[in-house]
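Reviewing the structure listed below.
We did not get these values from a lab; they are worked out from the coordinates using the rules stated. It should be emphasised that the depicted structure is a prediction, and the values quoted were computed from it without experimental measurement. All Cβ positions, glycine included, derive from the backbone under ideal geometry; neighbour counts span all protein chains shown.
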Amino acid sequence: MSSNYVVNVEAREETGTSASRRLRRAGKIPAIMYSKGKETKNFTVSVVDWKKVGKSEASVLELKTADGSTYSVLVKEEQYDYLADRNMHIDFTEIDLNATIHAAVAIKHIGEPAGSSQGGLLEQLVYEIEIECLVKDLPSSINVDVSSLEVEHNLKAKDITLAEGLTLKSTPEQVIFLVSKVAAATSAETAEADEEAKPAE
């Protein structure tokens, strides 16, 4: 399930390019929060605090202001300057924790496939699946145990065990993981190459 990670924010009055540059020099990230049917709110987030958010892997965030007000949000967009290695701007969307959401969630594998000992190689073909759930139940990622996969076997979206409250919306027959017989094929190719390399008698 999701964990609501608290992020302290400060209200900001000044907007625009110059104001944003001053904030970044001061170690703060300009941010904006969109709310359905409400006025947008402008905030700043400490760079130090935002780095902690990345490590938390939280899916739902709780913005907290100096006056104690809190807002449950999802990150709508994050602008990052890879050349300067810094966050430029963050867009948040305020959400109702009891509303239903359709979202793409990252898939991570755990365990070592049984087929690995038989020369098999695990391949991940899809890195996200579509699910539907209440916002408060939205996971940051879904772990899938692949330890039972034999050589030339696969695991489809419908085979993933989802937590209570999550409904699969991806195509059920979509292959997520498979164990291919790469090592065995490589050995055969090597033997054939060695045979061809032998001098004629």
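So the values come out like this:
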{"read-out": "FRET efficiency for A11 and V175, using Cβ-Cβ distance with R0 set to 45 Å, rounded to 0.05", "value": "0.40"}
{"read-out": "FRET E, pair Y82, D145, Förster distance 22 Å, beta-carbon r, rounded to 0.05", "value": "0.05"}
{"read-out": "Burial ordering of V53, V179, fewest other beta-carbon atoms within 10 Å first", "value": "V53, V179"}
{"read-out": "Share, in percent, of DSSP beta bridges within the chain that are antiparallel, nearest 5", "value": "75 percent"}
{"read-out": "Sites V47 and L97 - FRET efficiency at Förster radius 30 Å, r taken between beta-carbons, to 0.05", "value": "0.65"}
{"read-out": "Linear extension gain, R21 paired with A106, 0.36 nm per residue minus alpha-carbon span", "value": "27.3 nm"}
{"read-out": "Length-normalised contact order of the chain in % [C-alpha pairs under 8 Å, at least 6 apart]", "value": "19 percent"}
{"read-out": "For segment 100-187: span of alpha carbons on each principal axis (Å, largest first)", "value": "51, 21, 15"}
{"read-out": "Sorted peptide list for 60-71, 124-135, criterion being average Cβ within 10 angstrom, highest first", "value": "124-135, 60-71"}
{"read-out": "Kirkwood estimate for segment 4-94, i.e. one over the average of 1/r between Cα atoms, Å", "value": "13.3 Å"}
{"read-out": "Out-of-range pairs (alpha-carbon distance over 18 Å; input K108/K156; K52/K136; K41/K64; K28/K51; K51/K136)", "value": "K52/K136; K51/K136"}
{"read-out": "Alpha-carbon spread of the chain, three principal axes, descending order, Å", "value": "87, 42, 23"}
{"read-out": "DSSP-loop GluC sites (Glu not before Pro) across segment 1-45, with at most 15 other Cβ within 10 angstrom", "value": "E13, E14, E39"}
{"read-out": "Label point at T65 placed 7 Å out along Cα→Cβ; residues across segment 1-41 whose backbone nitrogen lies under 17 Å", "value": "7-15, 30-41"}
{"read-out": "HN-Hα J in Hz across segment 89-104 - Karplus 6.51, -1.76, 1.60, θ = phi - 60°, x for Gly and Pro", "value": "6, 10, 10, 10, 10, 6, 10, 9, 4, 9, 7, 8, 10, 10, 9, 9"}
